[in-house]
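*Asks:* Quick one: the structure is below, questions incoming.
Read the figures in this text as sums done on the coordinates, not as results from a lab. Computed from a prediction, not measured in an experiment: that's the story for all the values here. No Cβ is skipped: glycine too gets one built from the backbone with ideal geometry, and neighbour counts run over all protein chains shown.
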Amino acid sequence: MNKKQISEVIGLWKIDKKQYVKKSSFSAYTLLIENHLIPVFGDKCAIEEADVQSFVFQKLETGLSHKTIKDILIVLKMILKFGAKNKWLDYTPFDIQFPTEREKHNIEVLTRNDQKKIMNYIQEHFTFRNLGVYICLSAGIRIGEVCALTWEDVDTDNGVISVNQTIQRIYVIEEGTRKTELILDTPKTKNSIREIPISKDLLKILKPFKKIVNPSFFVLTNDAKPTEPRTYRSYYKNLMKELKMPDLKFHGLRHSFATRCIESNCDYKTVSVLLGHSNISTTLNLYVHPNMEQKKKAIEQMFKALR
């Protein structure tokens, strides 16, 4: 059996993996490998469960989130399985423990009042860039999706926005040099390719433009060149500051959209499809948090039925 070092196996795994995954996924894998796996495991020929467990504690110490560490372990497992399949190393599946997370992760959303304030402001101070924020609050699309939106994707006759591409700057390592490149690609998963009805208020804003714009232009720039997420994120930050809004991440607009849907008693499956989640459990875990009112109602109903 021809044993290889982990770093060698990684090189071969990357060549193989590149054929199957999206450019952006490959870029994310490469980044995790370069930053976390090679420095710790690169020169080893075998990895024991104890090594991985201490790696996890070490990463928690540096302040990485459970999710990030789990993502790193997923990549590590793929590499080890690939190595074992080709008989370059031995791999025994490991079972890693994480300390219990004690604090609740609250997702940040706008209050209804703040959301109304922003939407009213944008109606009165129209710019194409502001329109993007309005669209995200009305349709719940991700930052990469709104940056990649063209006028062609906006169908004002049928009142539908089609989400079928996303834009992101990814990290590329070619011949040892690191650089970044901007790519337009299909969204996160096949469920992310979706159609979202346009709200009445948004339709009022979009209709007059749709008649005069170039269909191939990007909505946010009204130009043949898109704006990239990083630039748009800082534009959004300044807008929120100007409006004296709480410091809410851009993704909070999507959370706010989802939360408003749930609050108005939309059925969960519909909300899940609107958000483009690949399964409903993602939606339930993120957004469905019954409040005290709902809990009381459940208890009341239960005892009503018993009487």
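*Asks:* For each of Y20, Y121, count neighbouring Cβ atoms within 10 Å of the residue's Cβ, then give the residues from fewest to most.
*Replies:* Working: Y20 8, Y121 16.
Result, fewest neighbours first: Y20, Y121.
*Asks:* Sticking with this one: For the chain, what is the Kirkwood estimate of the hydrodynamic radius, computed as the reciprocal of the mean inverse distance between distinct Cα atoms, to one decimal in Å?
*Replies:* Values: mean 1/r = 0.0444 Å⁻¹.
Evaluated over the chain, this radius sits at 22.5 Å.
*Asks:* At R0 = 30 Å, how high is the FRET efficiency between V273 and L184 if r is their beta carbon distance? Nearest 0.05 is fine.
*Replies:* Values: r = 24 Å, r/R0 = 0.79.
With a Förster radius of 30 Å, E is 0.80.
*Asks:* Which percent of the Cα-Cα distances in the stretch 84-224 go past 27 Å?
*Replies:* On the way: 4252 of 9870 pairs.
For the stretch 84-224, the share of Cα pairs beyond 27 Å comes to 43 percent.
*Asks:* Can you tell me the mean projection area, over all orientations, of the convex hull of the stretch 6-86's alpha carbons? Units nm², please. Show your work: numbers first, answer last.
*Replies:* Details: hull surface 20.8 nm².
Mean projected area of the Cα convex hull: 5.2 nm².
*Asks:* Still on this structure, I have one more. Ranked by Cβ crowding within 10 angstrom, fewest neighbours first, how are S272, S25, S216 ordered?
*Replies:* Numbers: S272 23, S25 14, S216 9.
Least crowded to most crowded, the residues run S216, S25, S272.
*Asks:* Calculate the FRET efficiency for F209 and L306 from the Cβ-Cβ distance with a Förster distance of 41 Å, rounded to the nearest 0.05. The partial results should precede the final answer.
*Replies:* Values: r = 58 Å, r/R0 = 1.41.
Efficiency computed from Cβ-Cβ geometry: 0.10.
*Asks:* Note down the nm distance, to one decimal, between modelled labels 7 Å out along Cα→Cβ at T100 and at N238.
*Replies:* Label at T100, label at N238, 4.8 nm between them.
*Asks:* Find how much the distance from A28 to V288 grows on full extension, using 0.36 nm per residue of separation minus their present alpha carbon separation; answer in nm with one decimal.
*Replies:* Separation in residues times 0.36 nm, less the Cα-Cα distance, equals 90.7 nm.
*Asks:* Considering only DSSP beta bridges whose two residues both sit in the chain, what percent are antiparallel, to the nearest 5?
*Replies:* Values: 17 of 17 bridges.
Around 100 percent of the beta bridges assigned by DSSP in the chain are antiparallel ones.
*Asks:* State which stretch of the chain is the longest one without any exposed GluC sites (Glu not before Pro), exposure meaning a DSSP loop state and at most 14 other Cβ atoms within 10 Å. Before the final figure, lay out the partial values.
*Replies:* Working: sites that count: E48, E101, E103, E108, E175.
Longest stretch, sites excluded: 176-307.
*Asks:* Mind checking which of T62, T180, T127 has the largest fluctuation in a GNM of the chain, springs on alpha carbons under 10 Å?
*Replies:* Evaluated over the chain, the most mobile residue of the options is T62.
*Asks:* Something else about it: Order of R254, R112, R169 from fewest to most other C-beta atoms within 10 Å? Provide the component values of the computation, followed by the final result.
*Replies:* Details: R254 23, R112 12, R169 15.
Fewest to most other Cβ atoms nearby, the residues stand as R112, R169, R254.
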